[in-house]
1. Between residue C:260 and residue C:236, what's the calculated FRET efficiency when r is the beta-carbon distance and R0 is 22 Å? Round to 0.05.
2. Show which aspartates and glutamates lie in cross-link reach of residue B:99 when reach means a straight Cα distance below 20 angstrom and same-chain residues fewer than eight apart are skipped.
3. Quick one: which residues, 5+ away or cross-chain, put their amide H under 5 Å from the amide H of residue B:163? H built at 1.01 Å from N.
4. Give me D for chain A in µm² s⁻¹, whole number, from Stokes-Einstein with Rh from the Kirkwood sum over alpha-carbon pairs, 4 °C and 1.567 mPa s.
5. How are the Cα pair distances of the stretch C:154-281 distributed, in percent, across 10 Å bins from 0?
6. Would you please give the residues with an amide H less than 5 Å from that of residue C:27, counting only those at least 5 places away or on a separate chain, with H modeled from the backbone geometry?
7. List the lysines whose alpha-carbon lies under 29 Å from that of residue C:143, not counting same-chain residues fewer than 8 positions away?
8. At q = 0.11, 0.13, 0.19 Å⁻¹, what is the base-10 log of I(q)/I(0) for the stretch B:115-208 according to the Debye formula with one equal point scatterer per Cα and no solvent? Please give it to two decimals.
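None of the figures in this text is laboratory data; all of them are computed from the coordinates on show. Treat the numbers as computed from the prediction; the structure is a model and nothing was measured. Using ideal geometry, Cβ is built from the backbone for each residue, glycine included, and neighbour counts are taken over all protein chains shown.
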Amino acid sequence: MASGLNALRSALPVAAALLALLLLWQFGTTALDVPAYILPKPAEILATALGRIGFFGGELYVTLVEAVGGFLIGSVLGILLAVAMILLPVLEVMLMPLAMVINAVPSIAFVPLVLLWFGLGMSSKIAIGALAVVFVVLLNLLSGLKRPEAESINLLRSFGASRLGILWRLQLPAGMPALVTGLRVGLARSTIAVIVAEMMGAYSGIGQVIYQATAQVDSLTVWAAVFVASLGSLALYGVLVALDRKLVWWR
Amino acid sequence: MTFFKHGLAAGLFAVAAALSATAPAGAAEPVSVRLKWLPQAQFAGVYVAKAKGFYKDAGLDVTVNPGGPNINVETLVASGADTFGVASGTEGVLYSREKKLPLKAIAMSQQMTPFAYVAYTESGINSVKDFKGKKVATWMVGPQYTLYSVLAAEGVPQADVNIVSQPFSMQPFIDKQFDVATVTLYNELNTLKEQGIDNIKLFMPDDSGVTTQQDAIVTSEKMIAEKPEQVQAFLNATLKGWKYAFEHKDEAVDIVMASGPGLERKHQELMLNEIERLMVAKLGTSEGLGAIDLVSIGKVQDDLIKFGAMKTPVDIKGAFDTSFWAKVPAEDKKM
Amino acid sequence: MADLAQAQAGATMPGQPYMELVNVWKRFGEGDKQTVAVRNVDLAIQPGEFVTLIGPSGCGKSTLFNMIAGLLPSDSDGSILVKGKAQQDGALLGKVSFMPQRDLLFPWRTVLDNATLALEVEGMPKRLARQKAEALFPEFGLKGFEQHYPHQLSGGMRQRVALMRTFLFERDLILLDEPFGALDALTRSMMQRWLLDIWEKHRRTVLFITHDIDEAIFLGDKVVVMTARPGTIKCQETITLPRPRDVSVVTTPEFMEVKKKLLAVVEEESLKTFASATMRP
Amino acid sequence: MSLQSAVRSPYAAVLIVAALWLVCVPLFSIPPRYLPPLPAVIADGVSVWPDLAAGFWRTLVETVLGFLAGSLLGITFGIAFAASKTLERAFFPIFVALQTVPVIAFGAIVVIWFGNTILAKVVIALYLAFFPVAVNTLRGLEQADPQRIALMKSFGASRLTLFRKLLLPTAAPNILIGMKLAVALSLAGAVVGEWFGDTVGLGVMLLQALYFELIPRVWVLIIACGALGTLLYGALALLERRFVWWRPD
C-alpha cells in the first residue's frame, strides 16, 4: 500500500512533465498552424499508431527480435572476451588496443559491410546489433572485473583459491554493476543500430517502415513508427532495469 | 509554419547564410535547390548551371543542397527550407499533393521510366510474360508500383510472380539469388557492367507502355504565387545547364566531380550518358528537355489508386504546372 | 575444533617451532632503485603461541606478513620453514589462515556467506559450510545477523565477521594484520578480550600485527619489535602475565614495566622512520 | 615503463592486424567483397586523399563542436538534477526515452529546423552526447561524502565554494567517464548528420561508398573513422590524466 503510494509519488513529476510537454506540443502546433509534414500533432501520431496497431506491432516485433538477438549475442561475446582477457592478460595486451579502435568507429559505419555480408534479412541486423553491444560490454565488464583491490584477491589466494575461483567468487560479482551499465548502454545502441540498418536495407522492421514512409511523404507514419519504436525500446530498457535489481541486489 | 519562418528556423538560417555566404552577389536572389540524392551526374544540369554562371546571369544566387537517405525533397521544399527541388518523380509529387503539401512540379527531367528489369541471357526469360513463377526483386520504396503496372500491362497476374524486396546492392542478383532484378539505367546497370556482367537482358517498362517520368523539378506554391519570375529564371537556367552538359560532357563530368567527394569518373561518365538517353527520350526530343507528360502522369495516378498506394486522386493540372516550362525559350530546352 | 587443532599441533615434534623464519629478506627493484623492505628476519613461533608484532609504520610488517601467508615469495637467501620443512614459492597458500587489515567483506554476500567464503573455496558443500558457520554465530556475537548484508553492520561487527571467516578456515597458524586498527578504543578493547576468549578456547597459533603497544602486551605470549625500514627484528619480549587476562592486567606493575621497556624501543625506531622521512629530498 | 608500453602496444596491435590482413586475404583467397586486400584499400585511400583529408577535418570539427556543446549541456543538466530531485524525477525518464528515438528518422526535420549548415550535425552530435554526460555528472555529484560536505560547511563555505572546491572535483572522474562515452556518440552523430544532405565529410563518403558498392572505400572510411575516434578518445584520456590525477575513493 505504502509502496504503491511511493511509486505514485515518484511517477507524478514525470507524468506531469510529460503531459505538459505533450500539451505544449499539441497546442503549440495548433496555434502556430504547423503543417503535419513538418511536425504532426501528438494526437494525430497516437491516432495513426493506434489505428494501424497490428501493422506497427508486427514491424516492431521484427525490430525487437533483431535488437534483442544482437544484444544477446553481443553481450555473451563481450562477457566471454572480458573473462578471457582477465584469465589471460596477454590477450588483453594484444586485443585491447584493437578493441578500443573498433569501439571508436561508429557502429553505423559497419552497416554497409554487414548488409553486404549478411544480406538484407534479419541476420545482418542481428550482426550490427551484436557489434554495437560487444565492445561496450567488453570494456565495461573488464574494468568491473579489475575493480577488486589486490587485497581482496590476496585474501582469496591465501584461502588457496584458484584463478577461476577468484574470478567466480570475487571478480564477477564485483564486476556486476559495471556489466549492468554496459548492458544498458549496449541495449540502447543495439536498438538504434538495428533501426538504422533497417533503413539502409531490409525487408521489414520499423526502420524500413520509416524509410518507406519518408519516401512516400507520409510523415504521420514516420512519427508513429518512431513513437512505436521508442515505446519498444523503453520496454526493453524496463526489463533491463528489473534485471539490474536482480543482478546487483546488494546495493 | 509562421513559427518556423520567423522563429528558430529564421535565426538559424541567418547563421547558415552567414556561414555559407558566397561572394557579394550584387542583386542576385539567394535561393536553394535540394537534390534527391548525393552529388552525381544525375544532377549534372544543376551543377553545370551553377558552375557556368547560368543561374547568376538569371539573377539567382543558387545554393545546391544534396540529398540523402531519409531526406525528403518534397517536405523540404513545401516547408520553405529549400526554394526548389529535384524531387523523386511523378509518384512523389502525387503523394505530396494527396498529403496537401503546397508544392507543384514545374518540369520533369527524365522522360522515360529510368527503371528496367534485368535477367541473365541463359535464364530463359525472354519477355515480361516469362516473369511468371520467377523470383523478381524490386525496390519497395515506390518503384514496386511501376513493376505492378508493367505486369498489369502485360497481363501477368501479380500473384503469379514472386516479388521480393531488393537491396540497394546488386550482389544478390550477381549471386543469382534473384531471377530478375530492378536497375536504374543510369546507376545499377552501370554497376553490373563495371563488374563485367554483360550476359544480361533488359526489359524496359516503356516497351510495355508504362511511362513514369522521374526527377521532377518542384517549387512551393508560395514561390509560384509570389516570385514567379524567379521560378521562371531558375527553370530556364537549369534546362540550359542540362543542354550545355550534354553538349560538353567532359566538362560537365569535371564539374560534377568537383562537387562531390570521392566520385569515380568512369561511373559518372556512364551515368551522364544514360541520363542523356532518359532526358532526350520521347517528349525530350520532340518538345524539349523537361517536358511534362500529363497523359503518362494520369495513367500513373490511376495505377497508384488501383494498387492502393493513393486513396484519392489529385488534380493533375494543379500538381503539375506546365506554364513555366512552356515559357522556357526554345534555345534553352531544345537539343 | 580444539581437538583438531591439538591433533595437528601434536604432529610437530616436541620443542620444534611450528613456523620458523630463517634469514628472510625481501628486496624490491634492482640496482640503484633497489629498496630493502625486510632484512634478515629470524623468528620462531611455537605451536599454540600467540605472538604479537609491533613496529613503526612502514617498517615492512605487511611485507613480512604477505610472505608468511605465501602471497609474496621471500628472497632466496633465506627460508620459511613449517614444522621444519622449507616452503617453496606459493606452497604456503591455503595453509595459513590470513586476515588482512581491512575486513574485505564481499558486499554481495550475506554475513553467513561471507563467513563461509574460505570453506567454499576449499570445496566444502555450501550446506555443510553454513551449518559449521552457524554454530559459531553466538560465540562471535552475531546471532540473528546471518542474513544481513555487510553494509548493514557496524565496524566492530564487520570485523567479527572477518574474524569468523578466518577462524572457520581452520589452519594451524592464524595471521591477523592489525584487525582492530580501524575500531574505536572502546570497541577495540572489547574485541581484544573477546579474541582472547576465543583463542583460549581454540588454542590456535596466532601471529598478530599491531602498532598499539598495549594491545601487543595484552594479547601476546611474546612481543616482537621490528625496526624501521628495512625491517628486521629488534627485540623479542616474552610476556609472563598470567592468563586468562582481563582489563585489570593493564594497570599492574608488571605490565607497566614491560610497556616502559618496549615503548623506549619503539619510540627510538619511530623517530628513525620520522627522521628519514622528513630528510628525504 | 608503463607509459612506454602503453604507447608501444597500440602501434604494435595495428601493425599485427595490418600484417594479418596482408597475409590472410591472399592466403585464404577471401573475396574482395568481404575483405579487399590491404594494398587495394590503401591505394583507394590515396586516390581520394584530398577528399578524405577534407572530410576528416570537417567531421572532426562537427564532432568536437557537438561534443563540447553536448558535454556542457550534459553537465548543466547533471548539476540541475543533482540540485533538484523533482527536476530529476520529472525529466530524467523523459531523457531516457529520448535516447531511444532514432534521430536518423528525422533527416528532413533536422534540415528544416537547423538548415543545411554544420549546425545540423552539431545538433545531432549534441543530442547523442549530452545524455551520458548528464547521467555521469549526476552520479558523480551524488557521490560526494556528506561528512566532507559538512566539513566544508563548517569552514563557512558558500554553496558555490562547496560546489567548486568539493562537489565538482569529486564528480570529475565520473564526468570524464561520461565524456568518453559522449565523444564516440558525437562522432556517430556527426557521421549520420552528414547523411542529411552534405557535400563534405566522412559520413558523405561512407554513404556514397555504400551505394556505389565501393568496398575498399568503405574500409578506408572505417579506418578513418576509427582513427578520428581514437584520436579524440586519446585526447580526452590525456586530459583526464592531466586534470584527474587522483583516484576516486
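1. On the way: r = 17 Å, r/R0 = 0.76.
After rounding to 0.05, the efficiency reads 0.85.
2. The qualifying aspartates and glutamates are A:33, A:44, A:218, B:74, B:82, B:91, B:215, B:221, B:302, B:303, B:315, B:321.
3. Amide H neighbours of residue B:163: B:136.
4. On the way: Rh = 20.6 Å.
Here the translational diffusion coefficient equals 63 µm²/s.
5. Cα pair-distance distribution for the stretch C:154-281, in percent: 11, 39, 34, 14, 2, 0.
6. C:37, C:75
7. Of all the lysines, those that pass the test against residue C:143 - Cα under 29 Å, at least 8 places apart if same chain - are A:246, C:95, C:126, C:132, C:201.
8. -0.26, -0.37, -0.82
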